[in-house]
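The values are calculated or read from the model by the stated rules, or taken from the named source; none is laboratory data. Everything numeric in this text was worked out from a predicted model, so none of it was measured. Every residue, glycine as well, gets a Cβ built from its backbone with ideal geometry; the counts of neighbours run over all protein chains shown. These accessible areas exclude ligands, DNA and RNA; they are computed on the full protein's heavy atoms, side chains included. Shrake-Rupley method; radii C 1.70, N 1.55, O 1.52, S 1.80 Å.
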Amino acid sequence: MYAIQFSRHGEPAAVLRQVELPRPQPGPGEVRVRLTHRPVNPSDLLYISGAYGRRPVLPAVPGFEGVGRVDATGADVGLAAGTRVAVSAFGTWQESVVVPAADVLVLPDGIDDDVGAQLMINPFTARLLLRRVALPPGAWLVQTAGLSAVGRMIAHLAYAQGVNTVSTHRGSGPVNVEGLPPTDHLVDTSRADLLSVVGTLTHGVGASAALDAVGGETGTDALRCLRTGGLMVSFGLLCGQPVAASPAHLIFRGLTVEGFWLPHYLSGMPPDETARIGRHIIADALDGTLPSSVTRRYALSEVVAAVAHARRAGLTGKILLTG
């Protein structure tokens with residue numbers, strides 16, 4: 001079968017190559033899924049570069065999620081061939097993957113493949129991040145990379161919970177704000193001071209929590225916006241630079257900074273709870289609570305061009321690999 005593979009870490013254009021691999025066979029309790037759509041996520045690029053939290057055994061196939069149809073099943077599986085599913089798995093940038101049948105998300109007809117391909121990482125991340133900060137209605141939340149796919153999902157879910165958001169971006173061109181909820185205050189940090197904006201909106205109190213996908217100066221600014229006793233959760237490395245946490249702020253203002261990594265978080269959850277969240281995500285996708293726009297689709301063989309496009313600044317829709 002056709003696959004994209006890398007044998008060493010580095011820039012995608014230098015290390016990714018097209019290969020033929022044996023088609024995997026499902027064992028007991030497993031299904032094989034013929035994938036049709038796969039997103040290019042920031043975690044995929046970290047995995048290729050060697051900066052991801054889990055190092056692969058090389059050579060490896062990138063990609064952590066996708067959508068397709070079951071085309072083979074092992075023993076003791078209740079899913080029929082032809083069932084359309086979303087999957088979370090290592091190595092989705094290939095034609096087929098084998099996964100435990102219990103781990104797939106069966107998709108209803110009302111969810112198309114573009115949306116289905118994006119259901120296993122960003123929606124779980126958005127829901128679990130908001131569950132972690134546990135803000136009451138009326139509270140204020142600061143989030144960086146607010147125009148990213150997960151940022152838009154967080155804004156919509158926060159709005160449904162009555163939570164106000166301040167979302168940052170750095171724009172050099174037109175900004176697509178279509179579909180953002182009315183309580184989301186978008187701040188271009190290249191033109192406005194985030195701390196001043198949050199201070200005005202919260203009447204000098206500060207935000208109760210911050211969700212940081214960027215790090216560096218942007219994450220540091222988000223941390224400075226917290227009220228006494230506030231919590232910041234770091235879940236992304238978009239700029240690759242550390243957040244500067246002042247010991248005085250941590251000590252005298254009682255701030256907490258912690259990390260969030262979806263695989264680690266999910267590994268500690270009971271299967272029935274994961275399934276329950278999956279059902280909520282399906283409902284969110286059906287009613288439009290989880291916006292999942294697509295900027296462009298590339299054939300799997302065009303992976304280098306797709307990755308280059310996904311790395312452009314200001315991208316608001318997802319890049320998909322198809323075929």
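Between Arg191 and Arg8, the distance separating the two model label sites (each 7 Å from Cα on the Cα→Cβ line) works out to 4.5 nm. In this label model, Glu258 and Ser49 are separated by 2.7 nm, measuring between points 7 Å along each Cα→Cβ vector.
When the charge dipole of segment 1-69 is built from unit charges on Cβ atoms (+1 for Lys and Arg, -1 for Asp and Glu) and taken about the Cα centre, the candidate among Pro39, His9, Gly29 whose Cα reaches farthest toward its positive end is Gly29.
Counting 0.36 nm for each residue step from Ala244 to Arg132 and taking away their Cα separation leaves a gain of 38.1 nm.
Which entry is the computed semi-axes √(5λ) of the Cα gyration tensor in Å for this structure: (i) 42, 22, 19; (ii) 30, 23, 21; (iii) 35, 21, 18? Given (i) 42, 22, 19; (ii) 30, 23, 21; (iii) 35, 21, 18, the structure-derived one carries the label (iii). Taking a ≥ b ≥ c as the square roots of the Cα gyration tensor eigenvalues, segment 113-176 comes out oblate, since a/c reaches at least 1.5 and a/b does not exceed b/c.
Compute the whole-percent fraction of alpha carbon pairs in segment 1-61 spaced more than 16 Å apart. Taking all Cα-Cα pairs of segment 1-61, the fraction more than 16 Å apart is 53 percent.
Farthest toward the positive end of the dipole of the chain, out of Cys225, Gly151, Leu129, is the Cα of Cys225, where the dipole comes from beta carbon charges about the Cα centre. Ranked by solvent-accessible area (1.4 Å probe, protein heavy atoms only, all chains present), the residues Cys239, Cys225 order from largest to smallest as Cys239, Cys225. Mind giving me the FRET efficiency for Asp76 and Gln161? R0 is 35 Å, r the Cβ-Cβ distance, nearest 0.05 is fine. With R0 = 35 Å, the Cβ-Cβ based efficiency is 0.35.
With every protein chain present, what is the per residue accessible area of the chain (1.4 Å probe, Å²)?
Working: 14280 Å² over 323 residues.
In whole numbers, the chain has 44 Å² accessible per residue.
Carbon and sulfur together cover what percent of the accessible area of segment 119-269 at a 1.4 Å probe radius? Of all accessible area on segment 119-269, carbon and sulfur atoms account for 56 percent.
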